[in-house]
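Data first, discussion second: the structure below is written as structure tokens.
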């Protein structure tokens, strides 16, 4: 017993106890500084779709609430406030469903889009907020085979846990994004084919 008391209160034991606490505190403070806003993950993704349909049909499909609801289930439109046509000043809320592999790790993203700049049949610009924050630009070009639609996302994940998950599983997020976009392209092709009777 006496030996334990001496060992517990020896100068060497005190130094180790404070040294470990100091190291742990320094590591914790360093991680806190690093994560406190400096590790916000941003995503700058570009996707091009080739739709074998006339530009006016494709544009209408992407700027009509009822059309989007019909052809793109992964971009679930959850808010109906406003007219059917999406134009400058329009707002819309989406629940973005992840690819099945990601859905086990992360729930659907909830995003709010404000259409800030609309050039009919040329360009849409949306400010995105909610679980994602940033900008989406959608560009429309007539091409010999129909219409090219280019989506340019520049966003960050706002929920800290999902943001950190992006560092661990960035490829999984990219796969989910690509999966949702591939589904969108295929479903838009089918929608436009029905609209044009092709």
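If you average the sequence gap of Cα pairs under 8 Å that are 6 or more apart and divide by the length of segment 41-196, what percent do you get for the contact order? Intermediate results must be reported in sequence, preceding the final value.
Values: 313 pairs, mean separation 46.8, N = 156.
Value for segment 41-196: 30 percent.
Taking the Cβ of each residue in 111, 152 as the centre, tally the other Cβ atoms inside 10 Å and list the residues starting with the fewest.
Values: 111 23, 152 15.
The most exposed by this proxy come first: 152, 111.
May I ask you to derive the relative contact order of segment 40-101, considering only C-alpha pairs under 8 Å and at least 6 residues apart, and to give it as an integer percent? Don't jump to the answer; show the numbers that get you there.
Numbers: 50 pairs, mean separation 15.5, N = 62.
Relative contact order, segment 40-101: 25 percent.
Starting from the Cα-Cα distance between residue 174 and residue 46, subtract it from 0.36 nm times their residue separation and give me the gain in nm to one decimal. Walk me through the intermediate numbers first.
Working: separation 128, 0.36 × 128 = 46.08 nm, distance 1.12 nm.
Contour length minus Cα-Cα distance gives 45.0 nm.
No value in this document is a laboratory result; all are computed from the given coordinates. Since this is a predicted model, take the numbers as computed values, not measurements. Note that we place each Cβ from the backbone using ideal geometry, even for glycine, and neighbour counts take in every protein chain shown.
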